[in-house]
Amino acid sequence: MPKKIFLVACEASGDLHGAHLISEIRRLSPDTTFCGVGGDQMRATGMRVFEDMTRISALGLGDVLRNYFKYLKIFHATLGVVGPMIKSYFSNILSTSWIS
């Protein structure tokens, strides 16, 4: 069964490190798929990016508070896509563990 990995990077250096991580994991396990919140560098590795958080990253509490509702909207939109995947994953684990 191919692995699916969800990653989050909210600023440029996280996007860079995430892209390197994806590349290394793909080298070891080529059938792994990635999705999440990241930037252009993670997208370039083939990750399905739901939102580019590097464009609205915050510096300090003032930026966070100013963008709070924008972050909340992104969180709920991402959860709407990823939530069913997580539910399906755990229901498959539970059903197979009860059968075994």
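If the condition is being closer than 16 Å to residue 7 by Cβ and modelled with pLDDT under 80, then region 60-88 contributes 85, 86.
Do you know which of the residues in region 12-38 that are over 13 Å from the mean Cα position of the chain (by Cα) and among the charged types (D, E, K, R) is farthest from residue 60 (Cα to Cα)? Full working, then the answer.
Looking only at region 12-38, we keep the residues that are over 13 Å from the mean Cα position of the chain (by Cα), and these are 12-13, 16-17, 20, 23-32.
Applying the additional criterion that residues be among the charged types (D, E, K, R) yields 24, 26-27, 31.
Working: 24: 32, 26: 35, 27: 37, 31: 39 Å.
For region 12-38, the residue satisfying everything is 31.
Of the residues making up region 1-28, those that are of a type outside the set (Gly, Ala, Ser), part of a loop (DSSP other than H, G, I, E, B) and surrounded by 12 or more Cβ atoms within 10 Å (Cβ to Cβ) are 10, 11.
Against the criterion of being hydrophobic (A, V, I, L, M, F, W, C), outside any loop (DSSP other than H, G, I, E, B) and surrounded by fewer than 18 Cβ atoms within 10 Å (Cβ to Cβ), residue 64 qualifies.
Quickly run through region 29-59 and pick out the residues that are more than 27 Å from residue 87 (Cα to Cα) and modelled with pLDDT of 90 or more. If the condition is that a residue be more than 27 Å from residue 87 (Cα to Cα) and modelled with pLDDT of 90 or more, then 40, 41, 44 are the ones that fit. Of all residues being surrounded by 11 or more Cβ atoms within 10 Å (Cβ to Cβ) and acidic (Asp, Glu) in region 29-61, which is nearest to residue 11 (Cα to Cα)? Just the residue, please. Among those that are surrounded by 11 or more Cβ atoms within 10 Å (Cβ to Cβ) and acidic (Asp, Glu), it is 52.
The values are calculated or read from the model by the stated rules, or taken from the named source; none is laboratory data. These numbers were taken from a predicted model, which means no experiment stands behind them. With ideal geometry, Cβ positions are generated from the backbone for all residues, glycine too; neighbour counts draw on all protein chains shown.
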